[in-house]
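Here the structure comes first, spelled out in structure tokens, and everything after it is commentary.
Read-outs: derived from the displayed coordinates by stated rules, not from any lab. Just so it is clear, the model here is predicted, and its values are computed rather than measured. Because the Cβ atoms are built from the backbone with ideal geometry, glycine has one as well, and the counts that use them run over all protein chains shown.
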Amino acid sequence: MGERKRLTMDSWREMFYEKVDQVKPQNEWDLKMHQDLDYNDLRPGWKQSVQEHAFGSFQCSWCQHSWSSAQVVILFHMNLDPHGRRGRVKMRVFRQECYQCSEGRLEDPLFQEESVHRILENLVNSIREKCYGEYMDHTQLSEAIVGGWHSGPHRRDHCEACQLGIHQRPKYTLHYGRPKDTVHYEATMDTMPLVQPSANNLPQVIVLLFEKFQVANQRSRNHTM
């Protein structure tokens, strides 16, 4: 596991320049942090991309409690000037509050370098699709969003993106595809398919729900016989 550290914006930009130059060497792109960036508040010609499953760690500046999250949300606004051959990206990383003390301070996440690479790879893919109109195979992007696996609950009341209504998910939902422009499939007792799901590619909770559905369905059949 790589060391988690507070990478400077220069570090983010250096990695971003390297990745975007590999696919679009004819254009110049810049990346800047804008912590006042608003979701869906886009100027003409700007596109939006949101990564909702970045992996980072936090430490409370008051009580020093540490925690990790695979639900770190990052907002990007991007614009390509086709005449000047220049592109710009504005970036906002949403924070989380400590849940073990009463201070309620919003803390910035720390990222492993590997996670930053994955975040930026996804960003470049979004640029290619949204700014250049290229077709992207979305099935290849979902794993890049997740920089680590975290099985604990997401504390929505301590998440800045959740408080702002940006990071919302149905209770039992599978997520596929590109950042934010994601296809949602909500599995409920009424919509569970009658085809046995594979435990290799579905969360265990979906498998358990399917089993409960089968038991309930069998009881209903026995009752009507």
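Annotations
- Sequence-separation-based contact order of segment 1-79, relative, with Cα cut under 8 Å and 6+ spacing, percent: 25 percent
- Dipole magnitude (debye, nearest 20) for segment 4-169, charges at Cβ of Lys, Arg, Asp, Glu: 180 debye
- Cα gyration tensor, segment 4-169 - rounded (a/c under 1.5), prolate or oblate: prolate
- Protection proxy ranking, highest mean first, for peptides 125-137, 87-99: 87-99, 125-137, where packing is the per-residue count of other beta-carbon atoms within 10 Å, averaged.
- Relative protection proxy for 69-82, 101-114, from highest mean packing down: 69-82, 101-114 (other beta-carbon atoms within 10 angstrom).
- Mean separation of Cα contacts under 8 Å, 6 or more apart, over the residue count of segment 4-169: relative contact order %: 26 percent
- Shown here for segment 1-74: GluC sites (Glu not before Pro) in loop regions (DSSP other than H, G, I, E, B) with at most 14 other Cβ atoms within 10 Å, namely Glu3.
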